[in-house]
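Worksheet: the structure to be examined is printed underneath.
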Amino acid sequence: MNQTRHIAAFMLLLLALTAKSQDFRKYDRGSFNKGKDTISYRILFPENFDANRQYPILFFLHGSGERGNNNEAQLTHGGQLFLREDIRKEFPAIVVFPQCSADSYWSNVNIITDSTGKRSFNFQEKGKPTRAMSALLGMIDNFMDKPFIDRSRVYVAGLSMGGMGSYELLRRKPKLFAAAIAICGGDHVANVRRYKNVPLWIFHGEQDDVVPVVHSTTISDQLKVLGKPARLTLYPMANHNSWDNAFAEPQLLPWLFSQEKKR
């Protein structure tokens, strides 16, 4: 009897993993190559995609743990969210998950690890983009040339390293994005003025022991000083994986996709 239960449990687990794998197959594989700039990505097109229509586009930036070259790990957090039938029906958008290589980083930040393993983040005010960011910028420019992209509804979202990368994208292309979501990220306070006019929703766990919450509250405070307050949601009991809470916010995607730039 126990053996039968174990076999049944194993089969259910196998079916669940297979279903997840099949779902991720809906994300087409792609890559952008131009000179030294190379980046792989997965892209989810709306159901019944029509190349003669224009669609909003969201670039979703993963965290440092999903770096690599398999063009798959970047879907770990957030990939399932955009596969939900209700979301695909309500928000017919193009969703792109680029992957940062293991030897690079989305944002221009110096990370120092002390003897206890604690990390500190020194964000840069200026400087050239990292190799991954340079490739990402080229990839985004390439997408903007596509006739089926609604340039008034271009969005970026990211978590952890991707949250940091989201801020950097905003400062490097402040006029492109209609709105942005940054989860447990950070940036140099002097950069905030560059993207003060972009609607922004910031999330962070107050117990975060990887990227301290002060990196988000500093940005929020600076936007208030500039007269452009952002939406800020802090989770008192959440640690670094505050994206789980953010993804569960009922207004997350309605708010994001309702933002539109004037043409």
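Taking the stretch 249-263, which residues are modelled with pLDDT of 95 or more and more than 15 Å from the chain's Cα centre (by Cα)?
As a first pass, look at the stretch 249-263 and keep what is modelled with pLDDT of 95 or more: 249-260.
The answer is 249, 250, 251, 254, 255, 258, 259, 260.
Restricting attention to the stretch 206-230, report how many residues are over 18 Å from residue 162 (Cα atoms), in contact (Cβ under 8 Å) with a residue 24 or more places away in the chain and outside any loop (DSSP other than H, G, I, E, B).
2
Got at least one residue in the stretch 209-219 being within 18 Å of the chain's Cα centre (by Cα), closer than 29 Å to residue 55 by Cα, aliphatic (A, V, I, L, M) and surrounded by fewer than 21 Cβ atoms within 10 Å (Cβ to Cβ)?
No, the stretch 209-219 contains no residue that is within 18 Å of the chain's Cα centre (by Cα), closer than 29 Å to residue 55 by Cα, aliphatic (A, V, I, L, M) and surrounded by fewer than 21 Cβ atoms within 10 Å (Cβ to Cβ).
When you scan the stretch 97-111, do you find a residue that is farther than 23 Å from residue 193 by Cα, among the polar types (S, T, N, Q), in contact with a Ser or Thr (Cβ under 6 Å, 6 or more places away or on another chain) and assigned to a loop (DSSP other than H, G, I, E, B), even just one?
Yes: the stretch 97-111 contains one or more residues that are farther than 23 Å from residue 193 by Cα, among the polar types (S, T, N, Q), in contact with a Ser or Thr (Cβ under 6 Å, 6 or more places away or on another chain) and assigned to a loop (DSSP other than H, G, I, E, B).
Let me spell it out: the conditions are (1) under 18 Å from the mean Cα position of the chain (by Cα); (2) assigned to a helix (DSSP H, G or I); (3) not aromatic (Phe, Trp, Tyr), and residue 89 meets all of them except one. Which number is the exception?
That leaves (1) as the condition not met.
Tell me, which residue of the stretch 30-71 that is more than 20 Å from residue 143 (Cα to Cα) and among the charged types (D, E, K, R) is surrounded by the most Cβ atoms within 10 Å (Cβ to Cβ)?
Initially, the stretch 30-71 is screened for residues more than 20 Å from residue 143 (Cα to Cα), giving 63-70.
Pick out the ones that are also among the charged types (D, E, K, R) and you get 66-67.
On the way: 66: 24, 67: 19.
The selected residue is 66.
Identify the single condition in (1) β-branched (Val, Ile, Thr); (2) touching a strand residue (DSSP E or B) at 6+ places or on another chain (Cβ under 8 Å); (3) at pLDDT 95 or above; (4) outside any loop (DSSP other than H, G, I, E, B) that residue 198 does not satisfy, given that it satisfies every other one.
(4)
Condition check ((1) of a type outside the set (Phe, Trp, Tyr); (2) modelled with pLDDT of 95 or more; (3) under 20 Å from residue 242 (Cβ atoms); (4) surrounded by 15 or more Cβ atoms within 10 Å (Cβ to Cβ)) across all residues:
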{"position": "92", "(1), (2), (3), (4)": "yes, yes, no, yes"}
{"position": "99", "(1), (2), (3), (4)": "yes, yes, no, yes"}
{"position": "106", "(1), (2), (3), (4)": "no, yes, yes, yes"}
{"position": "113", "(1), (2), (3), (4)": "yes, no, no, no"}
{"position": "127", "(1), (2), (3), (4)": "yes, no, no, no"}
{"position": "136", "(1), (2), (3), (4)": "yes, yes, no, yes"}
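Across the stretch 1-46, which residue is farthest from residue 102 (Cα to Cα) among those that are at pLDDT below 90 and in a strand (DSSP E or B)?
34
For the stretch 140-169, what are the residues that are outside any strand (DSSP E or B) and surrounded by 24 or more Cβ atoms within 10 Å (Cβ to Cβ)? Let's see the steps before the verdict.
Residues of the stretch 140-169 that are outside any strand (DSSP E or B), as a first pass: 140-148, 160-169.
Result: 160, 161, 162, 163, 164, 165, 166, 167, 168, 169.
Given (1) farther than 25 Å from residue 87 by Cβ; (2) not in a helix (DSSP H, G or I), where does residue 234 come up short, assuming only one miss?
Unmet for residue 234, out of (1) farther than 25 Å from residue 87 by Cβ; (2) not in a helix (DSSP H, G or I): (1).
Limited to the stretch 114-139, what total is found for residues that are within 18 Å of residue 69 (Cβ to Cβ) and not in a loop (DSSP other than H, G, I, E, B)? Working first, answer last.
Narrowing the stretch 114-139 to residues within 18 Å of residue 69 (Cβ to Cβ): 130-136, 138-139.
Within this subset, residues satisfying the condition of being not in a loop (DSSP other than H, G, I, E, B) are 131-136, 138-139.
So the count comes out to 8.
The values are calculated or read from the model by the stated rules, or taken from the named source; none is laboratory data. This one's a predicted model, so the numbers in the text were calculated from it and none came from an experiment. All Cβ positions, glycine included, derive from the backbone under ideal geometry; neighbour counts span all protein chains shown.
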